[in-house]
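I have a structure I would like to understand better, so I am pasting it below and will then ask my questions one at a time.
The values are calculated or read from the model by the stated rules, or taken from the named source; none is laboratory data. Bear in mind that the values here come from a model prediction, so they are computed numbers and not experimental data. Note that each Cβ is placed from the backbone with ideal geometry, even for glycine, and that neighbours are counted across all protein chains shown. Heads up: the accessible areas ignore ligands, DNA and RNA and are worked out on the full protein's heavy atoms, side chains in. Shrake-Rupley method; radii C 1.70, N 1.55, O 1.52, S 1.80 Å.
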Amino acid sequence: MADQAFVTLATNDNYAKGAMVLGKSLRSHKTSRKLVVLIGPHVTEPTKAVLNSIFDEVRLVDVLDSLDSAHLAMLKRPDLGVTFTKLHCWTLTHFAKCVFMDADTMVLSNVDDLFDREELSAAPDPGWPDCFNSGVFVFRPSKETYNKLLAFCTEHGSFDGGDQGILNGFFSNWATADITKHLPFIYNLSSIAIYSYLPAFKQYGANAKVVHFLGPTKPWSFTYDTKGKCLKGDIHDSSTHATYLLMWWEIYSVDVLPMLFKEFGDQPFHTGCVSGENGSRSSDAASHNVPAISSEERKQRWEQGQADYMGIDCFENIQKKLDSFLK
Ligand code: UDP
Ligand code: GLC
Ligand code: MN
């Protein structure tokens, strides 16, 4: 089993938080497999140090970007060109078999039985079930497959601008060839499926093994009140989805945040947490609630609807900025 691993990807510190929660959730459900995270060069040193203590292997890879703004615009996710970086997972040839999991997934129980499956096993995509969702899939690392995938990118491009379009084009007989390669939906329960088919969720959702926070709003887009153990602001989501979000934040605030505090030391970083009824900052978090993101990244997050309303992008700060221009 030393030659089998769960693999995830984080090109920046935000997705790295997701990777940390995923890693912790795999460990707390006692996986017997290795944990690997692929990172991009923009991941900061303290974040890398935390990843190193959760994962067996932290591997720096080049960021591959589809630069396909037309298809990404159709997908309404201009940020997903970099998901081509995921293809690097096929280069992990010191493993015989792996399971890739998006950094926005979290396991609810042990999923080591996924290794009984063959390449390429995945669950249907909730938006187009004849395509598989590339947030969770079983694969066999191989330089040959990696090169063929890169050649496929050059020749055909991706119909969605991201890795899922490539992978569905490449493993194009997934829908029809072999039913054992169809993972049950409970191994990749996309949170949007909770709204699109609520009765099915009520019937089968209790068996969910992996939750996938698919879509532009990620758990780390919210602000969490550590005292009240609740999410701040308007949560328009169903209570079930909110339950999964709270589970994510519980792992993050209890198991991950102390490690981040230790590694960041005096350097500011975005905790995402407040403490107390009125949303006032907790004293220990006070000096840490400044985001360690560039203004370009902050602009991108704004444009994707991921403003940090309770933190750096709060009304008071925007007012201050406007005032500074008017002076
Ligand atoms: N990802 C990343 N940096 C980015 C965007 C995506 O590292 O800027 C990785 C991360 O592992 C993420 C995966 O690519 O989970 C796919 O992106 P995302 O989960 O946002 O897509 P969705 O599942 O919402 O379609
Ligand atoms: C999907 C998948 C994600 C993938 C993206 C872009 O919605 O959930 O893993 O990166 O599409 O292709
Ligand atoms: Mn995802």
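If you take the beta carbon distance between Asn52 and Thr176 as r and set R0 to 51 Å, what does 1/(1 + (r/R0)^6) give as a FRET efficiency, to the nearest 0.05?
0.75
Using a 1.4 Å probe on the protein chains only, how many percent of the accessible area of the stretch 135-176 belongs to carbon and sulfur?
51
Please list 45-52, 66-73 highest first by mean number of surrounding beta-carbon atoms within 10 Å per residue.
45-52, 66-73
Rank-order 6-15, 30-39 by packing density, defined as the average count of other C-beta atoms within 10 Å over each peptide's residues, highest first.
Going by the mean number of other Cβ atoms within 10 Å, highest first, we get 6-15, 30-39.
Just reorder His241, His42, His29 by solvent-accessible area, largest first, 1.4 Å probe, all chains present.
Reading off the accessible areas and sorting them downward yields His42, His29, His241.
7 Å from Cα along Cα→Cβ at both Glu155 and Asp65: what's the point-to-point distance in nm?
In this crude spin-label approximation the distance works out to 2.7 nm.
I'd like to compare 209-216, 98-105, 247-254: which one has the highest average count of other Cβ atoms within 10 Å, and what's the full order after that?
Going from most to least packed, we get 98-105, 209-216, 247-254.
Still on this structure, I have one more. How much of the accessible area of the stretch 23-96, probe 1.4 Å, is carbon plus sulfur, in whole percent?
56
I want to make sure I understand the PRE zone here: with the label point 7 angstrom from the Cα of Tyr197 toward its beta carbon, which residues in the stretch 107-135 have backbone N atoms less than 18 Å away?
Those under the cut-off are 122-135.
Would you work out the Kirkwood radius for the stretch 1-81? I mean one over the mean of 1/r across all pairs of different Cα atoms, in Å.
For the stretch 1-81, the Kirkwood estimate is 13.7 Å.
Is the stretch 144-235 rounded, prolate or oblate when judged by the Cα gyration tensor, a ≥ b ≥ c being the square roots of its eigenvalues, rounded requiring a/c under 1.5 and prolate requiring a/b larger than b/c?
Verdict is oblate for the stretch 144-235.
How much accessible area does Lys262 have with a 1.4 Å probe, in Å² rounded to the nearest 10?
Number for this one is 150 Å².
Sticking with this structure for a sec: Can you give me the long-range amide H partners of Tyr224? Hydrogens built in the peptide plane at 1.01 Å from N, cutoff under 5 Å, separation of 5 or more residues or another chain.
Residues meeting the amide H criterion: Lys232, Cys273, Val274.
Sticking with this one: Which length gain, in nm to one decimal place, applies between Cys230 and Asn110 when the Cα-Cα distance is subtracted from 0.36 nm times their residue separation?
40.6 nm
For the stretch 162-227 and the stretch 63-141, what is the separation of their C-alpha centers, rounded to whole Å?
11
Longer than 28 Å from Cα to Cα, which of Lys86/Lys181; Lys48/Lys181; Lys48/Lys143 are they? Say none if no pair is.
Violating the 28 Å Cα-Cα cut-off are Lys48/Lys181.
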